[in-house]
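To start, the structure under review is shown below, and the notes come after it.
Here, each number is a calculation from the coordinates, and none is a lab measurement. A quick note: this is a predicted structure, and the numbers were derived from the prediction, not measured.
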Amino acid sequence: MTRATTKTVGLVFDDRYLAHDTGLSMIEDSVPWPFPTPVPHPSSPELVGRAKHLMDLGGVTDLMTRIEPYEADNAALLRFHTQDYLSRLAVLDRTGGETGSGAPMGIGGLRIARLSAGGVMAATDAVMTGAARHVYALVRPPGHHAMPHEGMGFCVLNNVAIAARHAQANHGVRRIAIVDWDVHHGNGTQTAFYADPDVLFISLHQDSLYPFGYGNVDQVGDGAGEGRTVNIPLPSGSGNATYRAAFERVVVPVIDEFAPDLIFVSAGQDASVFDPLARMTLTTSAYRAMAGIMLDLAEQSCDGRLVVAQEGGYAPQYAPFCSASIAETLTGRGSGVMPLFEPYGDYDSSIPSNERVGLDAEQALQAVREAQASYWTSLR
Ligand SMILES: [Zn+2]
């Protein structure tokens, strides 16, 4: 099959994304004294900013076509969010504050959130019009936890849900597949399409991490959408080998069978081995592999139309390398090209879960196949 060639890959980025202000973080701030020294909020600008900087330094940006983001208007946002929530965001835009449950924004934050959602919409426009074959939307704030009526888990607007509905409303797309490999469950996106037979939502995540009550294997969709939600909860400690197996045994056969017209990836790089908010062990080679598989799936099923949207990733010294590795893979440049090397050494083989699928992971993957077998002939 044809891999992407130079300049057929788009990049959405805007320096204004770095102005989204999440403030400082005080762990154990419920204890009156002594206060520990605050640290930057986990979802600080340096994650996305450093990813872009690495892409610049590594020459990856030069291989990509710049796609200009725009501010998503209310009509676009209302395809997923409620009017009441938009009204509250308009007030918070002037004051800053908490948009819901663990999703703070600063003064002016609504415009940046609109630019983030509109960035994924612009990426969608590009792949649908042929301006680019695949696009990495390196946006901020992230989106996949945002619910219709509130922000949640660092997410203000649900960028991918909004962009998927935009593709259906304005580009005549019907069948969409969304793969969410952020280590947390994409509860907002699942909610958006839970009863929709035309949108396949697949989430790989650390079992029972966040948010509570979402992402179990028995959450398979509802009504006409039954069988169109595929949850892959993986045990903590899962590594490259388990993710590879999850793709080979579930993600690839299901997407092949579904045959989408457009594919999104909710790409959070917080299943990395250095991430402070999760306990998985992925390295850059896993992110290259997953991006490569998604490219192949897009080429096979939908003429390459692939939009990769940034979600989480909280290891400032490592998540940017994972994101840049994904972008580099999209451009078709081979893995391991300087300077985007594995920054902390080739230690994959020193982590057992990166070399082989453990018994707990085998059981988890088997549970997914059993929960989904009645909906997918390829899983029987
Ligand atoms: Zn996450």
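From helices alone, the chain scores -10500 deg cm²/dmol at 222 nm; the rule is -39500 (n - 2.57) for each run of n ≥ 4 DSSP H residues, then divide by the residue total.
Grab the Cα-Cα distance for Glu98 and Ser349, subtract it from 0.36 nm times how many residues apart they are, and report the gain in nm with one decimal. Full-extension gain reported as 86.1 nm. Taking the chain on its own, what percent of its Cα-Cα pair distances exceed 32 Å? I get 26 percent for the Cα pairs in the chain exceeding 32 Å.
Taking amide H positions as modeled 1.01 Å from N, with prolines and chain starts lacking one, the residues under 5 Å from Arg356 and 5 or more places away or on another chain are Ala241. Between the amide H of Val265 and those of Val179, Val307, Val308, Ala309, distances stay under 5 Å, these residues lying 5 or more places away or on another chain, with hydrogens modeled in the peptide plane. Proximity of backbone amide H atoms, modeled 1.01 Å from N, is registered between Leu200 and Ile176, Ala177, Ile178 at under 5 Å, excluding neighbours fewer than 5 places apart on the same chain.
Derived value for segment 280-380: Kirkwood hydrodynamic radius 15.8 Å. Basis is the mean of 1/r over every pair of different alpha-carbon atoms.
Membrane-span-like helices of the chain, defined as complete DSSP H segments with a Cα extent of 24 Å or more along the helix axis and a mean Kyte hydropathy of at least 0.5, are identified as 109-129. Run a plain Debye calculation on segment 173-307 (Cα atoms as equal point scatterers, no solvent) and give log10 I(q)/I(0) at q = 0.12, 0.22 Å⁻¹, rounded to two decimals, same order as the q list. Scattering profile of segment 173-307, log10 relative to I(0): -0.42, -1.39.
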